[in-house]
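Here is the structure we will look at.
The values are calculated or read from the model by the stated rules, or taken from the named source; none is laboratory data. Computed from a prediction, not measured in an experiment: that's the story for all the values here. Here the Cβ positions follow ideal geometry from the backbone for every residue, glycine too, while neighbour counts run over all protein chains shown.
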Amino acid sequence: MTDWMKAAQSQEESYLKDLTTLLEIPSVRDDQAATDEYPLGPMPAKALQEFLKMAKNDGFRTKSIDNLVGYAEWGEGDETLAILAHLDVMPAGKGWETDPFKPVIKDGKLYARGASDDKGPGMACYYALKYLKDQGVKFNKKVRFIVGTDEESNWTGMHRYFEVEPAPTLGFSPDAEFPVINGEKGQFSLLLDVPAGNEGTARLKSFKSGLRFNMVPREAVAEITTSDKEKVMSAFGQFIDENPVTGQIEETMDGLKITVIGKAAHGMEPEKGINAATYLALFLNQYDFAGGAASFIKFLAEYLHLDTRMKKFNSAFTDNVMGELTMNAGILNFTEENGGKINMNFRYPKGITPDEIQEKVEQVTKPLKITVNQGEGQEPHYVDPKDQIVKTLMKAYTDISGDQDAKPEVVGGGTYGRLMKRGVAFGALMPNTPNTMHQANEFQPVDDLITSMAIYMQAINDLVTD
């Protein structure tokens, strides 16, 4: 019987070298730099090209599709096992203690944007596949290791793949946590438009917070005018002392600039972050704003603040299998010329619909003259725990980790696994390792990554040789 841990450990030096090459590429989707050749901007395409070059040199059959998505292929057979990873990363944001695109290992932990989501896990899984190929394992299925380049936004690349390539038989995505994610909540956003009216003794010149809909905003900045600067500055100091945020307030030519710093977190678990935008609105809500500015501040402070479960909207909901409805207020902006834009991102279980949620939100927004539009979404996804892919992956995890009490899980995150009827998410975050995805100082313990590689080795071996 193969010692998968020993096999994975033998790959560590080469793995970390190739992973570092990918981590050094700031592969954030950049629509401002998009061209016909690089539809998502040059950096995601650069990461894709670099990965495919590695895979070709390693002996895989490779293909790039429109600089959006690509794959490395091995094996033959009537069935196709797909492994779906992604090479794009979230914007780094502020608050890092190291350069997010210069990977460093400190105290056994690899720090870099993408170390945990998803370059570290994705490359661990790729190295598992490469090891099996190099050892001459006979594959009874075709395996395609498919990498997308905008999983953190619209999935353009992976959707293109499924448009032009045959659908896989089954598969998994190494883009979540162990043991096995056999269910993913549905997702959609409500896009709110706030009018621009700004008449009051205090005026909101601008309010800016949030980088992506699926990140809890770490920072919020507002510029206001007020008749009593000193009083506001004193009140802000007291507010900072009494709340779990930091910040600063400074005078400008005609008013004040106020900055609040909270804590970023993944939008699927918004309660683990500290939303800087709603805290800033909470502070501003005591002043005499009017019109659209007042509606914007009031909505953030009185409805979105500390309500990730939609209780203030009378829309809280829990399914016995898939868990709670959650909401992340991810992008929140206002200018006195154009009014406000708010993105409320939802992760919802079966048993409730986006239309029902929107109806509840509109009961609050209509009196505030805020309009609501529903964005595109994804329905809840669930694979029976008795399906062979779930059973095989669970066995690999329990065999290597020794965690015999582990059970398949349902999460609020969305992975490429949901694109396949028999698709799940599988690793690589270990149960007792902090989740730093989408946060400053993102990391993964190197030992965890090597252990995950061993798990992937056994899992892929068992799936392709059955």
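If I filter segment 396-425 down to residues being polar (S, T, N, Q) and surrounded by 14 or more Cβ atoms within 10 Å (Cβ to Cβ), which single residue comes out as nearest to the chain's Cα centre (by Cα)? So that I can check it myself, show each step before the final result.
First, the residues of segment 396-425 that are polar (S, T, N, Q): 398, 401, 404, 415.
Imposing the further condition that a residue be surrounded by 14 or more Cβ atoms within 10 Å (Cβ to Cβ) reduces the set to 398, 401, 415.
Numbers: 398: 26, 401: 25, 415: 9 Å.
Among residues in segment 396-425 that are polar (S, T, N, Q) and surrounded by 14 or more Cβ atoms within 10 Å (Cβ to Cβ), the one nearest to the chain's Cα centre (by Cα) is 415.
Return yes or no: is residue 70 of a type in the set (Gly, Ala, Ser) and either surrounded by 20 or more Cβ atoms within 10 Å (Cβ to Cβ) or in a strand (DSSP E or B) (or both)?
Answer is yes for this residue.
Within segment 99-134, can you find the residues that are in contact with a strand residue (DSSP E or B) (Cβ under 7 Å, 6 or more places away or on another chain) and on the phi > 0 side of the Ramachandran plot? Let's see the steps before the verdict.
Going through segment 99-134, the residues in contact with a strand residue (DSSP E or B) (Cβ under 7 Å, 6 or more places away or on another chain) turn out to be 103-104, 108-111, 115-116, 118, 120-122, 124-126, 129, 133.
Selection gives 108 alone.
Only one residue in 393, 429, 368 is crowded, with 21+ Cβ neighbours inside 10 Å and more than 20 Å from residue 269 (Cα to Cα). Which one?
The conditions single out 393.
Would you pick out the residues in segment 435-466 that are over 30 Å from residue 211 (Cβ atoms) and among the polar types (S, T, N, Q)?
The answer is 451, 458, 461, 465.
Exactly one of (1) exposed (fewer than 14 other Cβ atoms within 10 Å of the Cβ); (2) hydroxyl-bearing (Ser, Thr, Tyr); (3) touching a residue at least 40 places away in the same chain (Cβ under 8 Å) is unmet by residue 318. Its number?
(3)
Could you run through segment 178-225 and say how many residues are assigned to a loop (DSSP other than H, G, I, E, B) and either of a type in the set (A, V, I, L, M) or under 17 Å from residue 305 (Cβ atoms) (or both)?
Just the residues of segment 178-225 that are assigned to a loop (DSSP other than H, G, I, E, B), to begin with: 178-180, 185, 195-202, 210-214, 216-218.
Retained after the next criterion (residues that are either of a type in the set (A, V, I, L, M) or under 17 Å from residue 305 (Cβ atoms) (or both)): 180, 196, 202, 210-211, 216-218.
Residues flagged as assigned to a loop (DSSP other than H, G, I, E, B) and either of a type in the set (A, V, I, L, M) or under 17 Å from residue 305 (Cβ atoms) (or both) within segment 178-225 amount to 8.
List the pairs whose first member sits in segment 189-203 and is closer than 13 Å to residue 332 by Cβ, whose second member is assigned to a loop (DSSP other than H, G, I, E, B), and whose Cβ atoms are under 7 Å apart, counting only residues at least 6 apart or on separate chains?
189/213; 192/370; 193/370; 194/370
Restricting to helices (runs of 4 or more DSSP H) lying wholly in segment 226-345: which have 1 or more residues that are closer than 20 Å to residue 193 by Cα and either in the same structural domain as residue 356 (by TED's automatic domain parsing) or over 27 Å from the mean Cα position of the chain (by Cα) (or both)?
Result: 276-284, 291-299.
Return the residues of segment 112-143 that are in a strand (DSSP E or B) and either touching a Lys or Arg at 6+ places or on another chain (Cβ under 8 Å) or surrounded by fewer than 24 Cβ atoms within 10 Å (Cβ to Cβ) (or both); say none if nothing qualifies.
142
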